[in-house]
Structures are given as C-alpha cells and as structure tokens.
C-alpha cells in the first residue's frame, strides 16, 4: 500500500523507532558505564512486576538514580487463518480504562518456554490451536525503565477450540485482512506497540 512504507533492513518507519533482537543480532561490546551501585532499594514486589531503585556512580563521579521494573517477559503472536486474515483481539485494559485492539499475547510463566506459553495463550484468548508456530523476533518493550522482552511468533494452521479466558479477561477475537490491520495502524485504531510491530514485521516477511 502506497501510504505505508517500512524497511526491515534500515529499521525505518515514519513515526516509529524500534530495536529488534533477531537471529543475526549484533553484539555491542561497549563498556558498562554504570557498574558501581551505591545503593539498592526494593520498593515493590507484586504478582507480575518488581520495582527497585538504585543509585549508580557515573564515570564523571556524579551519581544517578535509576528506577527499574523487573518483568518476567512475554510472548505475542500473529495468528494467520487459512484465508490469510489475522486474528486480532479487542481487550479491555484497566490502566487505560477502555478496550483496545491487540494481537494475542501473554506473560511468561516460570517453567514454561516461550513456545509453550504462546500456544497456551492462543487457545485461551482466541480459541484456536496452532499447527505451526514460527519464531519471528524478540524485542524490548520499554528499555528506559523495564527489562521486559517479548518473543513474537507467527501462528499458522489454526484450528478452532474452546476459548478459555481467565478471570478478569475481557476479550473478543475478530479477524481482519492485513490491509485492514495496516489501515487500523495508520488511523490510530491500533496503538498497542507490540501489535504495531508484529503486524509490520508480518507485512515485511509474509510469504
């Protein structure tokens, strides 16, 4: 489509900046400039995240406060039906106080691999089992203050099963064409970061 251009070679898309870690990830060897921690305080430990506050020493001799959220990581998928449509979800998000469009996703649980986790999430959230799950890429969501990494998969060979939502999940799955998904990004209907990235990755790498 003429109104949307993205190059995964240059990583350029108007208005969006993203850093991906893929199979041919370049390893940066820069020296860590903040290795000395002057103080460490654990502020909160919850069901999903932990928050700690560190004071670190800079090479200049000055100190800096760092607020860090620790997250177990997550998974997400682009579920592709046999006719090529993508299954999106419309989900209520309490922090936003409204429903938003997303791709299926979930938190990594202890002892489960990303592959096992996304297979479970697809069954629970959209009511499909995947015949194949192909790893696309991994990416940091908010590296300025959080260590969360999301692993993105492409799910194909979808077969219906019973949707199994957890208590507190308000989700309705709906299928859209790729062009419709791109229009939703351009219009601002899809604003969720992982969903924008996943759809654009799929656009650039679809068979």
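Please treat every number below as a calculation from the coordinates, not as lab data. These numbers come from a predicted model, not from an experiment. Cβ placement follows ideal geometry from the backbone for every residue including glycine, while neighbour counts extend to all protein chains displayed.
With each label modelled as a point 7 angstrom along the Cα→C-beta vector, the residue 41-residue 132 pair spans 5.3 nm. Fully extending the segment from residue 189 to residue 68 would add 40.5 nm, taking 0.36 nm per residue of separation and subtracting the current Cα-Cα distance.
Relative protection proxy for 120-127, 90-97, from highest mean packing down: 120-127, 90-97 (other beta-carbon atoms within 10 angstrom). Computed from Cα atoms, the angle from the helix 178-187 axis to the main principal axis of the chain rounds to 50 degrees.
Kirkwood hydrodynamic radius (Cα pairs, Å) of the range 73-205? Write down the numbers at each step before the final one.
On the way: mean 1/r = 0.0673 Å⁻¹.
Evaluated on the range 73-205, it is 14.9 Å.
If R0 is 41 Å, what FRET efficiency do you get for residue 85 and residue 142 from their C-beta distance, rounded to 0.05?
Using R0 = 41 Å, I get an efficiency of 0.85.
Computing FRET efficiency as 1/(1 + (r/R0)^6) for residue 57 and residue 110, where r is the C-beta to C-beta distance and R0 is 25 Å, gives about 0.15.
Quick one: which of 175-186, 38-49 comes out on top by average Cβ neighbours within 10 Å, and what's the full order, highest first? Spell out each step's value before the answer.
Working: 175-186: 16.6, 38-49: 10.0.
The peptides rank, most packed first, as 175-186, 38-49.
Within the range 71-100, which residues have the backbone N less than 13 Å from the label spot 7 Å out from residue 166 along Cα→beta-carbon, could you tell me? Answer for this model: 72-75.
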